[in-house]
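One structure is given below, encoded as structure tokens.
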Amino acid sequence: MPHLVRRFFVLGLLAAAACAGTPACAQDAALQIKSSSLPFKIDEPQATTVGNLKWRGGISMTANAKNFGGWSDLHVAPDGKTLISISDEGSWFTAGIDYDAAGNLVGLTGRAIGLLRGLDGKPLPDKAWADSEGMAPMPDGSWIVSFERHHRIWRYPTLDATPTAIEPPADFEQQPNNGGVEALVALKDGSIIAISEEMTTRAGANVGWIGRPAPGGRYDWSHFAYTSIPDFYPTAIRQLPDGDFVVIERAYDKLRGVRCRIMRFPASQLKPDGIVQAEELARLTSPYAVDNLEGLSVTIGARGETLLWIISDDNFNPLQKNILLLFELEK
């Protein structure tokens, strides 16, 4: 991954608008993103819905930066004007969001791209340390980021700043090397919710953790079980305006390709030693627009509708794409 010659500048009100914690961004040149419209369903041009989701636009993306790709989580500002994403190669980028007259997604205007730093203040050295998978804004405007391989959660004042380590659950390092926490969210009271992609304690249930804030910046951790079905693994989690949670589950094999389930469960199931049994809202698989969907954000639209934003990790594989999808949740 190239080391960027970084110049710091403040992106106006982005720090407040994009969840009061977007980095004071740095770059060596303006980030230029080329967006191409995606068809919702290749074999049915008039289709607009899948399950409980209504199509509000989708794009594939390329950019002028070699480290543009691998996007593993996502945050869209409450006003829907800006987004920020992190990569499993240790990068982040910010962009403005472009809409058509109907309020549907049509493109992105690139702003900045940069590198996550380690505890020593230097860019993360290699894939083993740079595999950032989950991110979430905290109530104070900082960010938490979860990493695989060297399993950990770090807290960043801004994403281009030097982080501090959060003491994780005692069993956190027992996760599979490439199967750690991708689904990560912070609640309004500062609690942290994390679900392991592959760690299980019994068949059909992924390990989840609830971290409650404790004195001295620590967390009191408890467990819950996230019920899953064979081949599908949780990759993102966010809270809906009504308090429920929405989760992406992803499956892949060479024969069937990528399949994703969009799931929902009530907040009442999320408790120490609880069992979460989510309900399927929609299933995305070919011929619908789909790729390796890993990042998720939730906003409220101009009409009060709930919007789900989903971004993909292309693995820097020419056979895959960086895509951004927008759906409206139909109740």
**Asked** Is there a residue being closer than 18 Å to Trp154 by Cβ, open to solvent by 30 Å² or more (accessible area, probe 1.4 Å) and in contact (Cβ under 8 Å) with a residue 40 or more places away in the chain anywhere in segment 203-215?
**Response** no
**Message:** If Arg7 meets every condition in (1) modelled with pLDDT under 95; (2) basic (Lys, Arg); (3) surrounded by 14 or more Cβ atoms within 10 Å (Cβ to Cβ) apart from one, which number is that one?
**Reply:** (3)
**Index of the failed condition, Ala225 passing every other in (1) over 18 Å from the mean Cα position of the chain (by Cα); (2) more than 29 Å from Asp100 (Cα to Cα); (3) open to solvent by 40 Å² or more (accessible area, probe 1.4 Å)** = (3)
**Message:** I want to confirm something. Restricting to segment 296-316 and keeping residues that are open to solvent by less than 20 Å² (accessible area, probe 1.4 Å) and of a type in the set (A, V, I, L, M, F, W, C), which single residue is farthest from Glu197 (Cα to Cα)?
**Reply:** Leu307
**Prompt:** Can you name the number of the only condition in (1) modelled with pLDDT under 95; (2) in a loop (DSSP other than H, G, I, E, B) that Ala16 fails?
**Reply:** (2)
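Could you pull out the residue among Gly69, Gly90, Gly107 that is within 21 Å of Ile248 (Cα to Cα), open to solvent by less than 20 Å² (accessible area, probe 1.4 Å), of a type in the set (Gly, Ala, Ser) and modelled with pLDDT of 95 or more? Don't jump to the end; show me each part of the working.
Details: Gly90 fails: within 21 Å of Ile248 (Cα to Cα); Gly107 fails: within 21 Å of Ile248 (Cα to Cα).
After applying the criteria, what remains is Gly69.
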**All positions within segment 291-321 that are within 17 Å of the chain's Cα centre (by Cα) and among the charged types (D, E, K, R)** = Asp291, Glu294, Asp313, Asp314, Lys321
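Of all residues in segment 247-282, count the ones that are among the β-branched types (Val, Ile, Thr) and crowded, with 21+ Cβ neighbours inside 10 Å. Please lay out each step first, then the result.
Taking segment 247-282 first, the residues among the β-branched types (Val, Ile, Thr) are 247-248, 258, 262, 275-276.
When the remaining residues are screened for being crowded, with 21+ Cβ neighbours inside 10 Å, the result is 247-248, 262, 276.
Of the residues in that region, 4 qualify.
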**Prompt:** Tell me, which residue of segment 130-149 that is within 19 Å of Asn315 (Cα to Cα) and either open to solvent by 10 Å² or more (accessible area, probe 1.4 Å) or not aliphatic (A, V, I, L, M) (or both) is nearest to the chain's Cα centre (by Cα)?
**Reply:** Gly134
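Specify which of the listed residues (Leu319, Leu293) is surrounded by fewer than 23 Cβ atoms within 10 Å (Cβ to Cβ) and at negative phi. Spell out how you get there, then give the answer.
On the way: Leu293 fails: surrounded by fewer than 23 Cβ atoms within 10 Å (Cβ to Cβ).
Just one listed residue meets the conditions, Leu319.
Could you please find all residues in segment 116-126 being in contact (Cβ under 8 Å) with a residue 12 or more places away in the chain and open to solvent by 10 Å² or more (accessible area, probe 1.4 Å)? Let's see the steps before the verdict.
First, the residues of segment 116-126 that are in contact (Cβ under 8 Å) with a residue 12 or more places away in the chain: 116-121, 123-124.
Within segment 116-126, Arg117, Leu119, Asp120, Gly121, Pro123, Leu124 qualify.
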**Asked** What about Ala63, is it at pLDDT below 95, open to solvent by less than 50 Å² (accessible area, probe 1.4 Å) and more than 21 Å from Val298 (Cβ to Cβ)?
**Response** no
**Message:** Criterion first (in contact (Cβ under 8 Å) with a residue 12 or more places away in the chain and surrounded by 23 or more Cβ atoms within 10 Å (Cβ to Cβ)) does Val76 satisfy it?
**Reply:** yes
**Asked** Looking at (1) in contact (Cβ under 8 Å) with a residue 60 or more places away in the chain; (2) within 23 Å of Ala77 (Cβ to Cβ); (3) open to solvent by less than 70 Å² (accessible area, probe 1.4 Å), which is the only condition Ser191 fails?
**Response** (1)
**Fill in**
When segment 150-176 is checked residue by residue, the ones that are loosely packed, with under 15 Cβ neighbours inside 10 Å and touching a His at 6+ places or on another chain (Cβ under 6 Å) are Glu173
**Item:** Positions within segment 145-171 being farther than 19 Å from Glu198 by Cβ, of a type in the set (A, V, I, L, M, F, W, C) and out of contact with any Pro (no Cβ under 8 Å at 6 or more places or on another chain), in sequence order
**Value:** Ala165, Ile166
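The values are calculated or read from the model by the stated rules, or taken from the named source; none is laboratory data. This one's a predicted model, so the numbers in the text were calculated from it and none came from an experiment. As a convention, Cβ positions derive from the backbone with ideal geometry for all residues, glycine included, and neighbour counts pool all protein chains shown. Each accessible area value is taken on the protein alone, full model and side chains, heavy atoms only, with ligands, DNA and RNA left out. Shrake-Rupley method; radii C 1.70, N 1.55, O 1.52, S 1.80 Å.
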